Amino acid sequence: MAERREFNDYERPRSRRSRTGSAAVWQARLIMLVMINVAQLWILAATVDAVLARHYSVLLPLVISSAICFLITLSIIRWWRPTSGKHTSTGYVRPPTDE
Amino acid sequence: MSTKNISDSTKRLLIEDDGRSDERDVRFATAPYQADFPYERGEEAQVTRREFCNFLGLTSAALFLGSSGFAAKAVIDSRAETTFTPLRINGAETLPLNSALNFKYPGAKDSAILIRTEAGAFRAYSQQCTHLACPVYYEHQQKRLECPCHEGAFDAATGNVLYGPPPRPLDVIELEMRNGELWAVGRKAV
């Protein structure tokens with residue numbers, strides 16, 4: 001008779017539902033990153049247009065917008081991750097539960 | 001795909017070849033590159049989601065640096081004081097009516113265009129379109145300067161935008177007649 005193995009919180013295998021959720025989060029991250037890249041590409045094109053038209057007053061807002069996009073990208077890559085048995089969505093180690 | 005699989009398929013191909021052709025030498029010589037250019041489709045490297053995310057992050061950084069660098073350079077250039085050295089435009093006196101001549105002004109990389117109107121007057125402009133810096137050319141039948149890239153057009157007499165995407169008129173090259181010779185003496189943005 002096969003012995004049934006007991007898992008603690010750290011080594012519990014992920015269910016199919018959990019894997020599906022994780023894939024969805026990964027997909028959402030990728031989509032958000034692509035959308036931000038497209039927005040930044042548009043900002044770069046607008047910057048080129050503004051420089052050639054000598055509309056220098058709009059350059060600073062454009063550069064700030066691009067910086068904000070970059071910071072959002074960094075935060076998505078660094079902190080917004082799918083949850084797991086070990087980590088929370090923000091990358092912190094999940095404390096063990098007594099249940 | 002793992003290196004083991006790649007080396008397995010290379011070995012299999014070498015065995016099949018059996019030394020009957022010089023294909024063996026080619027395969028041996030290209031073995032170090034098989035990870036990048038494998039024989040089998042299944043051995044092609046797959047991009048993981050994590051790698052793709054990192055690539056998008058790097059692209060985002062590059063786009064941000066591109067925008068900020070481009071803006072910074074433009075602002076610095078606009079604040080720098082430019083001195084214009086007068087330059088004699090060779091061949092201007094013999095230029096036929098209703099035709100154009102290209103020359104470089106104020107720098108050796110700054111292309112400009114001189115137009116002689118049907119009335120015999122000279123007009124000169126920077127040849128860079130104010131939309132995306134394509135070179136404009138003189139369309140003598142319509143008597144206007146046209147940009148071939150995005151179908152913008154400028155008035156040959158004033159440099160003003162006639163139609164198309166350019167947001168401002170062409171830069172005007174200031175001209176002077178000195179002892180019957182035509183000189184470019186400055187450039188002015190309108």
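A few notes on this one:
- Efficiency of FRET between B:GLN141 and B:THR82 - r from beta-carbon atoms, R0 45 angstrom, step 0.05: 0.80
- Across all Cα atoms of region B:101-190, the radius of gyration (one decimal) and Dmax (whole number) stand at 12.4, 40 Å.
- With each label modelled as a point 7 angstrom along the Cα→C-beta vector, the A:TRP79-A:VAL38 pair spans 2.6 nm.
- Residue-averaged [θ]222 nm for chain B, counting only DSSP H segments that reach four residues, each worth -39500 (n - 2.57): -9500 deg cm²/dmol
- Cysteine residues of chain B whose Cβ has no partner cysteine Cβ closer than 4.7 Å: B:CYS53.
- Using the Cβ of B:CYS149 as centre and a radius below 15 Å, the other residues enclosed give a net charge of -4, where K and R count +1 and D and E count -1.
- Of all complete DSSP H helices in chain B, those with a Cα span along the helix axis of 27 Å or greater and a mean Kyte-Doolittle hydropathy of 0.0 or more are B:49-79.
- Stretch gain in nm, segment B:GLU174-B:ASN160, where the contour uses 0.36 nm per residue and the Cα spacing is subtracted: 3.5 nm
Read-outs: derived from the displayed coordinates by stated rules, not from any lab. Please read these numbers as outputs of a predicted model, since none were measured by experiment. Counting neighbours? That spans all protein chains shown, and the Cβs are built from the backbone with ideal geometry, glycine included.
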